[in-house]
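> One structure coming up, written as structure tokens, with questions to follow.
The values are calculated or read from the model by the stated rules, or taken from the named source; none is laboratory data. Model, not experiment: these values are computed from the prediction. Note: ideal-geometry Cβ built from the backbone for every residue, glycine included; neighbour counts use all protein chains shown.
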Amino acid sequence: MTRNITSLSFISSDTDQASEAAARLASLYGQTSAQDADVIVALGGDGFMLQTLHDTMDTGKLVYGMNQGSVGFLLNEYREEGLRERVNAAVENHIRPLEMIATDTEGCTVNAYAINEVSLFRQSYQAAKLRVLIDGHVRLEELICDGLMVATPAGSTAYNLSAHGPILPLESPLLALTPVSPFRPRRWRGALLPNRVTVDIEVLETEKRPVNAVADHTEVKSVVKVSVRESTRVTARILSDPDHNWDERILAEQFLY
């Protein structure tokens, strides 16, 4: 895809390193407001990049991240030279987030989006007891565990991978349903689901075994039910260098040891 990017907006996390990098780049390439820029250049770590994608979700804005944090899985390598050329040559990916609808014990409903995953976690020393339905059909009558998550391909290399979930190619039409420390059924290690399904998770014994739900940065305490599905209308747009695009990063993760 050929682009003709002329205006850039540099934003950064609140670390000195990221702020200083943003100032240097703005002096080299000029600074346009985020509202008017062709591309937003995010400088920080994965958490800041994730927040930037949330902030620009469904605005049509392109986000190009450069690592000024630690791991930097979501970000490109930081280099100051030839930035406009890199941005114009970058590969674009559209990310459809998960939509979470969480209902708590007071009957209040919270809607939130997740680019990485929607997770449920036990709130106390008692393990969570959950019922899992896929498109209205009960698939697990009772799952006793520390937690359960629904992860996107973009989030499959994050917490999902730490919980021994599968890595999914970015363009795969799949979601990963991954338990955290499952106790019963002990042999169940999760499932791969089509991205068109709705996952409903019901919390059993809510008073004895309270559970919290988290969609990226949004947490809902003491939930009784959580519904998760891939959004059909909201997207985030991310740019990656051709030699370090997301497909390559995800493929490389599968051969690390």
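> Looking at (1) part of a strand (DSSP E or B); (2) at positive phi, can you tell me which one HIS164 breaks?
(1)
> What is the number of the single condition among (1) in contact with a strand residue (DSSP E or B) (Cβ under 8 Å, 6 or more places away or on another chain); (2) modelled with pLDDT of 95 or more that ASP38 does not meet?
Condition not satisfied by ASP38: (2).
> Still on this model: Within the range 186-204, which residues are closer than 22 Å to SER124 by Cβ and surrounded by 13 or more Cβ atoms within 10 Å (Cβ to Cβ)? Please lay out each step first, then the result.
From the range 186-204, those closer than 22 Å to SER124 by Cβ are 186, 201-204; that's our starting set.
Residues satisfying the conditions are ILE201, GLU202, VAL203, LEU204.
> Consider HIS137 carefully, then state whether it is in contact (Cβ under 8 Å) with a residue 24 or more places away in the chain, farther than 23 Å from GLU92 by Cα and surrounded by fewer than 23 Cβ atoms within 10 Å (Cβ to Cβ). Walk me through it before giving the result.
Details: in contact (Cβ under 8 Å) with a residue 24 or more places away in the chain: no; farther than 23 Å from GLU92 by Cα: yes; surrounded by fewer than 23 Cβ atoms within 10 Å (Cβ to Cβ): yes.
Judged against the criteria, HIS137 is not a match.
> Another question, then. Within the range 105-131, restricting attention to residues that are charged (D, E, K, R) and either surrounded by 20 or more Cβ atoms within 10 Å (Cβ to Cβ) or touching a Leu at 6+ places or on another chain (Cβ under 8 Å) (or both), which residue is nearest to ILE201 (Cα to Cα)? Write out each step before concluding.
Start the filter on the range 105-131 by keeping residues that are charged (D, E, K, R), which leaves 106, 117, 122, 129, 131.
Those left that are additionally either surrounded by 20 or more Cβ atoms within 10 Å (Cβ to Cβ) or touching a Leu at 6+ places or on another chain (Cβ under 8 Å) (or both): 117, 122, 129, 131.
Values: GLU117: 14, ARG122: 13, LYS129: 10, ARG131: 6 Å.
Ranking the candidates gives ARG131 first.
> Ok, one more. Look through GLU207, GLU248, GLU171 and report the one residue that is in the same structural domain as ARG122 (by TED's automatic domain parsing), under 18 Å from ALA154 (Cα atoms) and either modelled with pLDDT under 95 or in contact with a His (Cβ under 6 Å, 6 or more places away or on another chain) (or both). Lay out the reasoning, then the answer.
Numbers: GLU207 fails: under 18 Å from ALA154 (Cα atoms); GLU248 fails: in the same structural domain as ARG122 (by TED's automatic domain parsing).
Among GLU207, GLU248, GLU171, only GLU171 is in the same structural domain as ARG122 (by TED's automatic domain parsing), under 18 Å from ALA154 (Cα atoms) and either modelled with pLDDT under 95 or in contact with a His (Cβ under 6 Å, 6 or more places away or on another chain) (or both).
> Take LEU28 and tell me if it is outside any loop (DSSP other than H, G, I, E, B), among the hydrophobic types (A, V, I, L, M, F, W, C) and surrounded by fewer than 16 Cβ atoms within 10 Å (Cβ to Cβ).
Working: outside any loop (DSSP other than H, G, I, E, B): yes; among the hydrophobic types (A, V, I, L, M, F, W, C): yes; surrounded by fewer than 16 Cβ atoms within 10 Å (Cβ to Cβ): yes.
Here the answer is yes, as LEU28 does meet what is asked.
> For the range 37-56: of the residues being free of Cβ contacts under 8 Å to residues at least 40 places away in the same chain and not in a helix (DSSP H, G or I), which is surrounded by the most Cβ atoms within 10 Å (Cβ to Cβ)?
So the residue we want is ALA42.
> Has the range 153-168 got at least one residue that is modelled with pLDDT of 95 or more, crowded, with 16+ Cβ neighbours inside 10 Å and over 22 Å from LEU53 (Cβ atoms)?
Residues of the range 153-168 that are modelled with pLDDT of 95 or more, as a first pass: none.
Among the residues of the range 153-168, not one is modelled with pLDDT of 95 or more, crowded, with 16+ Cβ neighbours inside 10 Å and over 22 Å from LEU53 (Cβ atoms), which makes the answer no.
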